[in-house]
Amino acid sequence: EDQVTQSPEALRLQEGESSSLNCSYTVSGLRGLFWYRQDPGKGPEFLFTLYSAGEEKEKERLKATLTKKESFLHITAPKPEDSATYLCAVVLRHSGGYQKVTFGIGTKLQVIP
Amino acid sequence: DAGVIQSPRHEVTEMGQEVTLRCKPISGHDYLFWYRQTMMRGLELLIYFNNNVPIDDSGMPEDRFSAKMPNASFSTLKIQPSEPRDSAVYFCASRPSDISSGNTIYFGEGSWLTVV
């Protein structure tokens, strides 16, 4: 069975304290991996797509990396406005040539001033 | 573009009542997804459509749930009869098939359902 596991479930950082969030997966037919940010009361907002092992993407204080079994979202010198839940999702090859997208449960990040 | 539009944003209903959630995907997107989000289980895929055709409904919890997509610009998720354990946030999302767009999925703001 395809599985997506995110860790930790919650993370509390001081402003400026860099850290990483993990998304590990055991799936077949991976077609890509997404990272999303979700603020309370809102829908998930797209951050990055990664397609192949070794690929990296950056946006402001965030950097996403991908290996064959996991992805990391590195947060450098976070600010309070980075507080949110971060979700990863895998795009899987599905029967009939379609693509199914499955999400992890998320990491709730709190950055304290 | 207005993005994915969902209605209602909030609904409180009594157990046993029928609930209908509505979604207008982004124009030109041929995939449409319905997800349910809870604290315990996160975002669960309920069903997805491609070109208005249901492709995979294996995530629909039981026969009380049904979804339709009569045309490219409208989809409904219906729960009949509703139960308290159906209380959750229901998200509709859409994306284009065109790989050059990055396969990005765009989410609506969600429908917050409370069944009492």
Q.
Step by step: first the residues of region B:39-52, then only those that are within 10 Å of chain A (Cβ to nearest Cβ) and more than 14 Å from the chain's Cα centre (by Cα), then the one that is surrounded by the fewest Cβ atoms within 10 Å (Cβ to Cβ). Which residue is that?
A. B:MET40
Q. So B:ALA88 clears everything in (1) farther than 15 Å from A:PHE103 by Cβ; (2) more than 9 Å from chain A (Cβ to nearest Cβ) except one condition, right? Which one?
A. (1)
Q) So B:GLU11 fits all but one of (1) more than 29 Å from A:THR107 (Cα to Cα); (2) at pLDDT 95 or above; (3) more than 14 Å from the chain's Cα centre (by Cα); (4) not aromatic (Phe, Trp, Tyr); what number is the exception? A) (1)
**Q.** Looking only at region A:63-93, and only at residues there that are touching a residue at least 60 places away in the same chain (Cβ under 8 Å) and out of contact with any Phe, Trp or Tyr (no Cβ under 9 Å at 6 or more places or on another chain), the one that is farthest from the other protein chains (Cβ to nearest Cβ)
**A.** A:ALA77
Q: Kindly list the number of the only condition in (1) more than 9 Å from chain A (Cβ to nearest Cβ); (2) β-branched (Val, Ile, Thr); (3) free of Cβ contacts under 8 Å to residues at least 40 places away in the same chain that fails for B:THR104.
A: (1)
Q) Would a scan of region A:77-90 turn up a residue that is within 26 Å of B:THR38 (Cβ to Cβ), of a type in the set (S, T, N, Q), out of contact with any Gly (no Cβ under 7 Å at 6 or more places or on another chain) and in a loop (DSSP other than H, G, I, E, B)? A) yes
**Q.** The lone exception for A:THR102 - which of (1) under 21 Å from B:THR38 (Cα atoms); (2) within 11 Å of another protein chain (Cβ to nearest Cβ); (3) of a type in the set (S, T, N, Q); (4) surrounded by fewer than 16 Cβ atoms within 10 Å (Cβ to Cβ) it fails
**A.** (4)
Q) Within the group B:LEU32, B:LEU77, which residue is buried (at least 20 other Cβ atoms within 10 Å of the Cβ), in contact with a strand residue (DSSP E or B) (Cβ under 6 Å, 6 or more places away or on another chain), at pLDDT 90 or above and within 14 Å of chain A (Cβ to nearest Cβ)? A) B:LEU32
Q: Might you check whether a residue that is out of contact with any Pro (no Cβ under 8 Å at 6 or more places or on another chain), among the basic types (Lys, Arg) and at negative phi occurs anywhere in region B:60-75?
A: yes
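The values are calculated or read from the model by the stated rules, or taken from the named source; none is laboratory data. No experiment lies behind these values; they were computed from the predicted model shown. Note: ideal-geometry Cβ built from the backbone for every residue, glycine included; neighbour counts use all protein chains shown.
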